[in-house]
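What follows draws every value from the coordinates through simple rules; no lab data is involved. Bear in mind that the values here come from a model prediction, so they are computed numbers and not experimental data. We place every Cβ from the backbone using ideal geometry, glycine too, and count neighbours over all the protein chains shown.
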Amino acid sequence: MNADIVILNGKLVTFDEEKPDAQAIAITGNKITAVGDNTTIRDMAGPQTKVIDAGGNTVLPGFIEGHVHVFQGSVELDRLNLHGVHGFDRLAQAVRRRAKERPDEDVILAHAADYHILGPGMSATRQDLDRIIEDRAFAMMASDHHTAWANTRALEMAGILHEGEAPEGSEIIRDAKGVATGMLVEPGAYGFVTALTTSGGRDAKGIVDGRSPDATPAQRTADMDVIAKGMEHCASHGITTMHNMDGNLYTLELLQGLDDRGELLCRTESPLHLKNTDPLDRIDDALEWRKRFNSDRVWCNRVKMFMDGVIESYTALMLQPYPDRPDTCGEELFSPEHFNAACIRADGHGFQIAVHAIGDRAVRQTLDGYEAAQKANGRRDSRHRVEHIEVIDPADLPRFKEIGVIASMQPVHSPAAGFFGPPEDGHILREDQLPYAFAWAKVRGAGALLTFSTDWPVVPVDVMPSIKGAVAPVDLGPGWGQNAQSLMDTLASYTRDSAFMEFNEDRKGRLKRGLLADIVVMDSDLFAMDPAELDHARATTTICDGRVTYQR
């Protein structure tokens, strides 16, 4: 029987101990049917076989993006991107150009704004933004999606200029007279503004409160079309699986609808997002979701929670006060008792748990919750996850291996990757925290299973800048740790180990006969490249489930 697809002349990185490298691979249906040399695999090609010449370049298991916000990322592909924009004049130029190009856009919403876009130590006010554009609603969101700034028109349209209260854990910043200043902290606050956009804020609903929005059939179709474009974008970067990080039933239904339409180009897992304000009974909703969505293309088997905020807004939860803000240790979203109870309940139902934990105290309390679940329910192969881990106390490093917890980290979030410029965190963190900030090497060295991802749309979903950032981070100077990873370990963190994280280590993440045909062909031999140039490498062919989902 002839293969449907053969890839020849490649330098395969198989992650199969029995056959660590090879030249060629054959695919029949949605499975890998052979891995070997060019001669053997070429003989499996028939008249109808699609033949792909890898040109001596790297061939890998498809990239598994372990931390994305797929709906938001897809929507933001069509929004104003402010990454790299600094200063009033450049911001004004970008916003006014967008306003001219989109005269029918009622609300101009931008993303990737720097916290100090107008200058060091300056936080934008509504009056600042009014000077840029006054007659149209305008708001811009920070890269981390934890803070937004809106002009007066946007605040008026959202009904929050003079009144209105954000949900717990979010805040509409107001002046002494009670008038909104323009700063909106956390999704619950800026959700009033995003609700005014063409997407109606439905893309952010999963992260705002985890509930499903009311949507007409036409809106559902439009939302599926948006995500379909996002899938095309992700597939073009060699991605074959995504772990969505905010979830509601609506998102799962959209993903399933795309699969039914034959337009789901990346396998996608989506969780139930449990807010700190939710009753624990809400975890039970995920039981029905797990029954309903259980294919290898769309599935739900996870509960996601937030333990804290982010460093830049002083909401990341720390063990000690911030050095330049001694009045705060950050924001604790779950009390230890509440979080432990949530972990025990979710773990008792057999769900994997993933928790956003950026500060060192947030990481500790997350690990404490996982330990509490083990004590209450017994130890099992739970593969619970801690997301981000931007600062960790050294005493907690060995606990990942001891408890069996996975570290899910994002190299491009670190200033060492160069994407966000100078290390402002160095002014926010204590000196003794710097060696344990973005400490991938220390986490891996302590025996934790470490996976990498982007957190799209916080940073672009292209995996290669993340790989370059992990392999060739820049030296941040005295006090900061050295965290360079080997290329092989880094690629494993994006493929084999991410497959293990999702309980699919026997089905994908390696190039081996019998496994699912999720494969990416690169345009370069990654191992022959200057590590500092790895971010220039691109996918030329992406195959998911035996189907070519992208070809350059």
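Descriptive notes on the structure:
- The Cβ shell under 10 Å around residue 242 holds other residues with a net charge of -1, Lys and Arg each +1, Asp and Glu each -1.
- When restricted to Cα atoms, segment 331-427 yields an Rg and a Dmax of 14.5, 45 Å, respectively.
- Length available on full extension from residue 281 to residue 335: 0.36 nm per residue minus the Cα-Cα distance, which gives 17.7 nm.
- Relative contact order %, the chain, counting alpha carbon pairs below 8 Å whose residues are six or more apart: 16
- Descending Cα extents along the principal axes, segment 10-167, whole Å: 72, 33, 33
- Cβ charges +1 (Lys, Arg) and -1 (Asp, Glu), total dipole of the chain, debye: 1140
- Percent RCO, i.e. relative contact order, over segment 76-204, from Cα pairs under 8 Å lying at least 6 residues apart: 20
- About the Cα centre, charge dipole magnitude for segment 1-69 (Lys/Arg +1, Asp/Glu -1 at Cβ), debye: 200
- Whole-Hz ³J(HN,Hα) from phi, Karplus 6.51 cos²θ - 1.76 cosθ + 1.60, for segment 394-405, glycine and proline x: x, 5, 8, 4, x, 5, 4, 5, 4, 8, x, 9
- Over 32 Å [Cα-Cα, the chain], rounded percent: 44
- Listed residues 149, 3, 433: farthest to the positive end of the dipole of the chain (Cβ charges): 3
- The relative contact order of segment 301-485, computed from alpha carbon pairs under 8 Å that lie at least 6 residues apart in sequence, is 19 percent.
- Debye log10 I(q)/I(0) for segment 186-307, one point scatterer per Cα, at q = 0.10, 0.13, 0.18, 0.20 Å⁻¹: -0.30, -0.51, -0.99, -1.20
- Think of it as helices only: each DSSP H run of n ≥ 4 in the chain is worth -39500 (n - 2.57), and spread over all residues that comes to -8000 deg cm²/dmol at 222 nm.
- If you bin all the Cα-Cα distances of segment 301-485 at 5 Å, starting from zero, the percentages per bin are 1, 8, 18, 21, 21, 16, 9, 5, 1, 0.
- Solvent-free Debye scattering, log10 I(q)/I(0), computed from the Cα coordinates of segment 90-134 at q = 0.16, 0.20 Å⁻¹: -0.45, -0.69
- When Rg and Dmax are taken over the Cα atoms of segment 400-450, they come to 12.4, 36 Å.
- Trypsin sites (Lys or Arg not before Pro) restricted to DSSP loop in segment 447-539 with at most 15 other C-beta within 10 Å: 507, 513, 538
- Among the listed pairs 19/512; 205/304; 100/205, those beyond 18 Å (Cα-Cα): 100/205
- Distance from segment 488-552 to segment 385-405 (C-alpha centre basis), Å: 26
- Semi-axis lengths, largest first, of the ellipsoid equivalent to segment 74-208 are 20, 17, 15 Å, with √(5λ) applied to each eigenvalue of the Cα gyration tensor.
- Phi angles across segment 332-347 convert, under the Karplus curve 6.51 cos²θ - 1.76 cosθ + 1.60 with θ = phi - 60°, into 3J(HN,Hα) values of 8, 7, 10, 5, x, 5, 5, 5, 4, 5, 5, 5, 4, 5, 5, 5 Hz, Gly and Pro given as x.
- Residues whose amide H comes within less than 5 Å of that of residue 456, counting only those at least five positions distant or on another chain, are 69 (H built at 1.01 Å from N in the peptide plane).
- Dipole magnitude for segment 416-534: about 500 debye, using +1 per Lys or Arg Cβ and -1 per Asp or Glu Cβ, origin at the Cα centre.
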